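Structure first, then comments.
The values are calculated or read from the model by the stated rules, or taken from the named source; none is laboratory data. No experiment lies behind these values; they were computed from the predicted model shown. Because the Cβ atoms are built from the backbone with ideal geometry, glycine has one as well, and the counts that use them run over all protein chains shown.
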């Protein structure tokens, strides 16, 4: 038996090592190996010990994988380093509670045995991952399913989404742990067969086509302005920044049907600059204008303001209500302050401009660009797959405008690009993203990155997107199929519990 201190060290390193399975490293088999390490140590300990091991695993996973939070609030929010480090620790500790609760529950509901290892542990770990994605506005980062963006399991995304992929990864991890733990030859052979069958199912799922092209390719240009945050929000900087994007647009105006400016490319209310913007936007040689999608700020008469994207075209140089998308899912502390009566003092330290946005409530129609309905999202919103799925059914493709400068040269922009790959595969749609400092990219309906710009460079990404029609099961049903699969895999545990509470090794 391994000494508890060594167990803690191994589990902590496993949690940190899990980050290597995500972008930019993308060693996706490690997601199975390191989760199997956690399950191995969970398999025979008490509920209290399992909770502690889950917490330690979370400290490694989120301490390494979400370290970019420190960059955001210290380097760009100008919070003093000791306070920033302390708040990041509290944040990581909060996230670590989810695997801790999963560990406690799986040991509480079942004694050591097959049910606990194969059925309880994977279900409860992923159940907590799902809850983390919506509780307290949600933080769906570093979900196990994201690690599989380059594996056969990616083909499951149109069916069961990223959480369903997480469940499959967790089941594979449990099977891997069981192969090590079980001594019997037949049990091991069954575990190996089931392990292999998961990848066969992933391969077979890739054969099924749920969507099809709806029209000819559309030429699109994505602008990466690389405007420093230190310059972006200076008083009077708007016109200079707009001129910068106008110059980039001029180079591609004759070859593009759609030109996309990133989040906050106009760092001012579009109402304040609409006349000047309409005059300045480049036109083609024949006098016509491509369709522009521009990240900006939308202000209301009551004083509230929204992080927005507006469409400007030949038919309307001042966008109407159906040509404005206002962000709905805001970033805590970056775009709004939760628990303001208690945490209001943080505003003095988080010197982030425009950090008290309003969240738009209600359904917003797709924005029409180049004659096609397009589902628009802003930055962090593309981390919430089920929310995007609600707006995808009638859209021809997806556009996300982002400001990733807040993350600096950290893991976050790469992790966000990987999330976008999953969103594209879930929806069966091309997904394009224009980000101020990168990573600007075009992703096809299979989740493959077909072109991109390097970070921290100024440039224009020219590409073609194919409009798509049809609905994947994930778009149609959201997380319902994942939750049904979660319950199905938990049935053996429920059966044993309901049959007189006998938590035996025979399960």
Number of positions in the stretch 426-459 that are surrounded by fewer than 19 Cβ atoms within 10 Å (Cβ to Cβ) and under 18 Å from residue 249 (Cα atoms): 4
Test: residue in the stretch 270-291 that is within 30 Å of the chain's Cα centre (by Cα) and closer than 22 Å to residue 76 by Cβ: no
Any hit, the stretch 223-232, residues being under 27 Å from the mean Cα position of the chain (by Cα), over 26 Å from residue 427 (Cβ atoms) and surrounded by fewer than 15 Cβ atoms within 10 Å (Cβ to Cβ): yes
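Test residue 258 against the criterion of being buried (at least 21 other Cβ atoms within 10 Å of the Cβ), without any contact (Cβ under 8 Å) to a residue 40 or more places away in the chain, in the same structural domain as residue 452 (by TED's automatic domain parsing) and farther than 21 Å from residue 31 by Cβ, and give yes or no.
So residue 258 does not fit the description; no.
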Every residue from the stretch 492-507 that is at pLDDT below 70 and either in a helix (DSSP H, G or I) or closer than 14 Å to residue 108 by Cα (or both): 501, 502, 503, 504
Residue 278 surrounded by fewer than 18 Cβ atoms within 10 Å (Cβ to Cβ) and within 30 Å of residue 170 (Cα to Cα): no
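Where in the stretch 154-262 are the helices (runs of 4 or more DSSP H), entirely inside, with at least 2 residues that are closer than 24 Å to residue 122 by Cα and at pLDDT below 95? Outline the logic, then answer.
Details: elements: 157-181, 185-205, 229-232, 238-250.
So the answer is 157-181, 185-205.
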Condition check for residue 422: modelled with pLDDT of 95 or more, surrounded by 24 or more Cβ atoms within 10 Å (Cβ to Cβ) and in a helix (DSSP H, G or I): yes
Subset of the stretch 377-400 (residues that are under 13 Å from residue 364 (Cβ atoms) and without any contact (Cβ under 8 Å) to a residue 60 or more places away in the chain): 377, 381, 387, 388, 391, 394, 395
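Determine which member of the set 330, 398 is assigned to a strand (DSSP E or B) and either at pLDDT 80 or above or farther than 29 Å from residue 256 by Cα (or both).
Values: 330 fails: assigned to a strand (DSSP E or B).
Just a single option satisfies the conditions, and that option is 398.
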